[in-house]
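S.K.: Below are the structure tokens for one structure; questions will follow.
Every number here is computed from the coordinates shown, using simple stated rules; none is lab data. A quick note: this is a predicted structure, and the numbers were derived from the prediction, not measured. Note that each Cβ is placed from the backbone with ideal geometry, even for glycine, and that neighbours are counted across all protein chains shown.
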Amino acid sequence: MKYLILLVVIVVVWSIWKKRNQPAPKNTTNPDAAAQKMLVCAHCGVHFPEGDGVADAGKFYCSEAHRRAADQVERG
Ligand SMILES: [Zn+2]
């Protein structure tokens, strides 16, 4: 029984060690993310991909809600 536990420990440690020594995948960067331009929300300052945001009067927002919120702030 003692040897069985020892064997399990060795197998677990060996599998972790093997995983850590695996070469990193060549395509570490997501091609979709790299192709999209990152913009900063004019309301909250969050970074978001160009395709996910809303543009209004030369400004960019992370969401329609923030475009409206910024619009309300400007109007007072
Ligand atoms: Zn925002």
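S.K.: For the Cα atoms of the chain, what angle does the longest principal axis make with the long axis of helix 2-20, in degrees from 0 to 90, nearest 10?
M.R.: For helix 2-20, the angle is close to 40 degrees.
S.K.: A follow-up question, please. Count of lysine pairs in the chain with Cα atoms under 30 Å apart, counting only pairs 8 or more residues apart in sequence or on different chains?
M.R.: Taking the chain as the scope, the lysine pair count is 5.
S.K.: Need one number for the chain: average projected area of the convex hull over its C-alpha atoms, nm².
M.R.: 9.5
S.K.: With only Lys, Arg, Asp and Glu charged, each at its Cβ (+1 for the first two, -1 for the last two), find how big the charge dipole of the chain is about the Cα centre; round to the nearest 20 debye.
M.R.: Rounded to the nearest 20 debye, it is 680 debye.
S.K.: Can you list the residues, at least 5 places off or on another chain, whose amide H is less than 5 Å from the amide H of L39, using H built in the peptide plane?
M.R.: Amide H to amide H, under 5 Å and 5 or more residues apart or across chains, L39 pairs with F48, E50.
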